[in-house]
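Report on the structure given below.
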Ligand SMILES: [Zn+2]
């Protein structure tokens with residue numbers, strides 16, 4: 001064991017410890033309705049606190065010559081020690097967090113960096129490369145389509161940035177912060193991308209097998225969270241680096257910060273391909289590695305099956321003529337997968353995935369002619385008020401929904417009330433803020449929770465326009 005106070009070996013997370021963690025989570029989720037991520041406030045908080053163990057800061061030795069730094073920023077970075085140098089897989093978000101991890105790695109090897117590998121192009125994996133390199137000029141490996149992930153919807157960057165802040169809870173107070181599902185809250189992000197080094201070696205679409213610093217290494221193209229993703233395989237050590245196609249949470253098949261369609265079917269296939277290798281350790285892009293051939297292989301196979309099941313159920317529902325609202329409430333993980341610790345919906349959710357698949361395959365239209373030309377919100381609000389018996393009645397319904405802790409209904413009614421010229425719109429805003437906080441307290445899905453809280457704060461501060469309210 002190293003003297004580094006942040007170091008621990010993987011034995012801590014093999015059978016005994018992993019089972020204890022699993023049993024704790026399963027006990028907590030027993031009270032949670034499947035398919036939903038709302039529970040009582042105590043349970044929600046305890047679950048999120050338990051998940052915190054997945055990104056506690058430390059270097060994990062995953063094999064004799066392989067080390068993974070967890071919790072130095074949002075994502076993981078790994079070092080493989082070869083004969084005359086080391087290989088770095090993923091480089092965190094910026095040079096300061098990367099320098100911190102590089103220093104921790106140097107306690108295990110001070111050999112020069114021979115190669116850097118980017119599993120995919122998301123900013124939390126590529127922004128700190130320069131901090132690992134020093135005077136060396138390593139080869140930098142990435143796929144042919146590297147960088148394609150975020151380019152497609154650049155036009156809407158301004159709103160994506162705002163939604164990103166909400167999803168990750170970047171402006172929440174310490175009292176409101178929990179975590180980001182597969183990453184800690186409160187990462188230092190001021191140096192985003194400043195250490196990025198452009199790729200110098202392109203991994204072809206057929207993949208690549210080579211030897212670097214005496215280490216046999218394989219690059220497998222594996223589209224999933226992004227189209228430009230690959231996983232890395234060390235055949236002699238049987239260690240697999242999954243990138244962001246696998247981590248300890250139900251996958252984020254759709255990100256509420258706003259993303260183009262993520263090809264869910266490819267994602268399932270890519271993780272299924274990983275399982276066929278029967279790794280002895282799987283190192284995720286975020287969260288703790290999973291050790292042991294049986295555990296690692298089962299986790300990958302279950303993950304692939306879970307994604308495929310959500311996809312298949314959604315497609316069957318679509319072909320039966322069902323719309324996204326109905327399907328989002330109907331589709332569930334198969335029973336044997338519901339309590340797997342790596343499939344609990346801390347980051348992605350099944351209902352969001354269902355909506356994304358619907359939209360990705362068919363676009364926004366649900367096939368019902370009623371929705372071809374819906375009423376504009378203001379007209380609909382007026383008709384809702386008429387139906388309720390007037391604006392005062394609609395407002396009273398909104399208030400009683402809040403009082404009864406029927407938070408979703410309170411939100412929906414407040415959205416009507418705010419369009420009415422003769423309504424107490426300040427009250428509607430206040431109700432919306434309280435309902436968002438009520439939902440947040442019961443939410444164990446971190447992006448949902450962060451988004452509710454961030455939006456409530458923005459409403460309260462008056463920074464959102466009437467359009468957004
Ligand atoms: Zn990531």
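Bear in mind these aren't lab numbers, they're just calculated from the coordinates by the rules spelled out. Keep in mind it's a predicted model, so treat the numbers as computed, not measured. FYI the Cβ positions are ideal-geometry reconstructions off the backbone, even for glycines, and counts take in every protein chain you see.
Assorted remarks:
- Distance between the 7 Å Cα→Cβ label points at residue 336 and residue 406: 4.0 nm.
- Annotation: for a label point projected 7 angstrom from Cα along Cα→Cβ of residue 380, residues of the stretch 398-422 with backbone N closer than 18 Å are 398, 408-421.
- Taking all Cα pairs closer than 8 Å and separated by 6 or more residues, the relative contact order of the chain comes to 16 percent.
- Folded to 0 to 90 degrees: helix 293-319 orientation relative to the chain principal axis, Cα: 30
- Computed from the C-beta positions of residue 139 and residue 53, the FRET efficiency with R₀ = 45 Å rounds to 0.80.
- Percent of alpha-carbon pairs separated by more than 37 Å within the chain: 28
- Against the main long axis of the alpha-carbon atoms of the chain, helix 41-51 sits at an angle near 20°.
- FRET E, pair residue 206, residue 238, Förster distance 25 Å, beta-carbon r, rounded to 0.05: 0.65
- The angle between the Cα long axis of helix 425-441 and the main principal axis of the chain comes to about 40°, on a 0 to 90 degree scale.
- Contour minus Cα-Cα distance for residue 148 and residue 326 (0.36 nm per residue): 60.8 nm
- For residue 260 and residue 40, the difference between the fully extended length at 0.36 nm per residue and the C-alpha to C-alpha distance is 75.9 nm.
- P(r) weight above 15 Å for the stretch 375-461, C-alpha pairs, percent: 56
- Contact order normalised by residue count of the stretch 375-461, Cα under 8 Å, 6+ apart, percent: 24
- At R0 = 45 Å, FRET efficiency that the Cβ-Cβ distance of residue 110 and residue 298 yields, to 0.05: 0.75
- By DSSP, the beta bridges lying fully in the chain are antiparallel in about 65 percent of cases.
- From the C-alpha gyration tensor of the stretch 216-348, square roots of 5λ in Å: 27, 16, 13
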